[in-house]
Amino acid sequence: MASVSLYRKWRSQTFAELVGQEHVVQTLRNAIVEERVAHAYLFTGPRGVGKTSVARLLAKAVNCLDADRAARPCGACAMCQEIAEGRAVDVIEMDAASNTSVEDARALISGVMTRPTRGRYRVYIIDEAHMLSTAAFNALLKTLEEPPEHAIFVLATTEVHKVPATILSRCQRFTFTRHGIASTAAHLRRVAASEGLTLEPGAAEAIARAATGSLRDALGVLEQLASFTSGHISMAQVQSLLGMTSAAEVAALIEALLEGDAAAALRAVNGVADQGADLRQFTRDLVERLRSLLLLLAAGDHALADIGDDEREMMAAWAQRAETGRLLHWVKLFSALDYQLRTTPYGQLPLELAVVEALVGQPAQPAAPARRPEAPGAPLSQVAAPVRRAAPPAQAAAPPPATPRAASPIPRGEAAPPIIAAAPQANPEPAPPTEAAPTGPDPGPDLPVPSLAPSPAAPVARSPEAAAAANADFSLLELVEAHWEEIKRDVRPRSPTVQALLHSARPIDVEGNTVVLLAASPFHKENLEKAQNRRIVEEVMQRRLGVAVALRCTIEARAESRDLRSQIREARKDDLVRAAMNIFEAHIVDIEPPE
């Protein structure tokens, strides 16, 4: 005789035995005690979290013979035992995946008017309800809205978005959540002890992580492990069955990332690949650990991070060395690798590229300027930290005769700093320099104040046309920088590959209608400049910015020249200058050297 599966053998028989879902249990218990049970329920949530089990517990509770309503279902009376064994004629279970037609719905409806044979209620449990056809749903509408007093409907589904709104409005909806790693591991240890199995420390947590919140899946893995062991289940057996890598290898990679050691990180990746382990599963394990670390660092709550007892101390040590911005960047980067690792012909290359990018690339910093290497010859892992700029010397601002204004607005919530500016004169002669009175904190004596004085070897051009062109270019560059994250996001539906390339590039200049991107390597530059990829980016930028632009890439940061164009570019980055341009609707037409 075939043995009973563990998930069926250990199915909860009372509300007290149910693992998790406290919000659902408490609501149903109160309804039973107060005799306010609804006529239709909708249970929704991931697979294996107890939707059908709770539906059967509700059927037991409404038909239980125990005199104490708070103790229902008791699990001991005749009605509870009949329902548990599947012999109750008043509990009808229907698999909607196999009975999708309108005829099946009509057959179910035809028996609704029949009064219960033994219990107080006839309970109809419709599993995978989203699989019903539209005609079947329509046939159920009236009965679901006004069933007889003795009928209760319970619909269970994993895809609630496929259930028509007309059905949702007629049901009380309960959302079931995934089980946590700690609660799943504790239940696995209880089951293993009752079944005569011993679990090596960390094995229960590993099974729980692989089950991704599904208690049924976790019990299925435990049963499979029990079938080829002699009673002792080790971590090596769990890893072999699930295709998992050891926790030490994931920890080694995270340690290398936290230390910024690219060589150690790449050795960890190649060590996993040399073992023949599943790189996709290794990446999933890595993302899960990084996610837990991110939640622990952001919230400081072990329960929210869902950390098992086997890794609590290690996670706490990592949290002291990690930064939220870096973790956010890493989670986004590695979580996007699953498809690439499944389709690439280059083995572990996508994971290696992601590791290098995680150490070289910088996370998005909306409130700070993009970082660039100190010098073209500097190591990739050394990136310049952002330097606070003091306010530059005064710039003469005057409204251009015919150039459209494209000044950046003052940041919301900040008052415009007081600026002493001369009123526009009819005489086109340049106005004498005026000084801006900064109200912010002193940047300090150790921060250099950039000089805008022209180099003697490079005379400054004073052409008004050149100034107007430079202002227009940099206005467009500021617009591109402001929308860069949205541009990358809009590229993804067209080509995830191009989006991945754009993560390693950033806009640094505009030449007329050509946006210049600084790429991280010749590989990124060559692929971004392919006609098909370039056309995708140009079309997305045109839709986002409202102007037609071309795209060009470079891999070397340009040397800082001191011509009028570069001085205007530097000046426009200053908050005081930007505020003055916004208030007086002006553009920079000249920059005078300090006296």
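The values are calculated or read from the model by the stated rules, or taken from the named source; none is laboratory data. Small disclaimer: the values here were computed from a predicted structure and weren't measured. In this analysis, Cβ positions are derived from the backbone assuming ideal geometry, glycine residues included, and neighbour counts consider all displayed protein chains.
Side notes on the structure shown:
- All positions within the stretch 94-137 that are within 36 Å of the chain's Cα centre (by Cα) and polar (S, T, N, Q): 98, 100, 133, 134
Here's the yes/no breakdown for (1) of a type in the set (A, V, I, L, M); (2) out of contact with any Leu (no Cβ under 6 Å at 6 or more places or on another chain):
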| site | (1), (2) |
| --- | --- |
| 500 | yes, yes |
| 505 | yes, no |
| 521 | no, yes |
| 525 | no, yes |
| 532 | no, yes |
| 537 | yes, no |
| 544 | no, yes |
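- Looking across the stretch 1-28, the residues that are among the polar types (S, T, N, Q) and in contact (Cβ under 8 Å) with a residue 12 or more places away in the chain come down to 5, 12, 13, 14, 21, 27.
- Flag if residue 277 is buried (at least 16 other Cβ atoms within 10 Å of the Cβ), modelled with pLDDT under 85, among the hydrophobic types (A, V, I, L, M, F, W, C) and closer than 18 Å to residue 178 by Cβ: no
- Residue in the stretch 76-93 that is more than 32 Å from the chain's Cα centre (by Cα) and under 24 Å from residue 164 (Cα atoms) present: yes
- Within the stretch 38-60, tally of residues that are aliphatic (A, V, I, L, M) and more than 14 Å from residue 124 (Cα to Cα): 1
- So residue 120, is it within 30 Å of residue 67 (Cβ to Cβ), at pLDDT 90 or above, assigned to a loop (DSSP other than H, G, I, E, B) and not β-branched (Val, Ile, Thr): yes
- Residue match in the stretch 55-74 (condition: among the acidic types (Asp, Glu) and buried (at least 16 other Cβ atoms within 10 Å of the Cβ)): yes
- The residues in the stretch 30-49 that are more than 17 Å from residue 153 (Cα to Cα) and surrounded by 17 or more Cβ atoms within 10 Å (Cβ to Cβ) can be counted, and the count is 3.
- The single residue among 29, 11, 56 that is assigned to a loop (DSSP other than H, G, I, E, B), in the same structural domain as residue 84 (by TED's automatic domain parsing) and not aliphatic (A, V, I, L, M) turns out to be 11.
- Scanning the stretch 113-137 for residues that are more than 20 Å from residue 157 (Cβ to Cβ) and in contact (Cβ under 8 Å) with a residue 24 or more places away in the chain yields 113, 115, 116, 117, 118, 119, 120, 121, 122.
- Within the stretch 113-171, the residues that satisfy the criterion of being among the charged types (D, E, K, R), under 25 Å from residue 84 (Cβ atoms) and touching an Asp or Glu at 6+ places or on another chain (Cβ under 8 Å) are 118, 122, 127, 128.
- Screening the stretch 295-375 for helices (runs of 4 or more DSSP H) wholly inside it with 3 or more residues that are at pLDDT 80 or above returns the ranges 312-321, 324-335, 338-343, 349-360.
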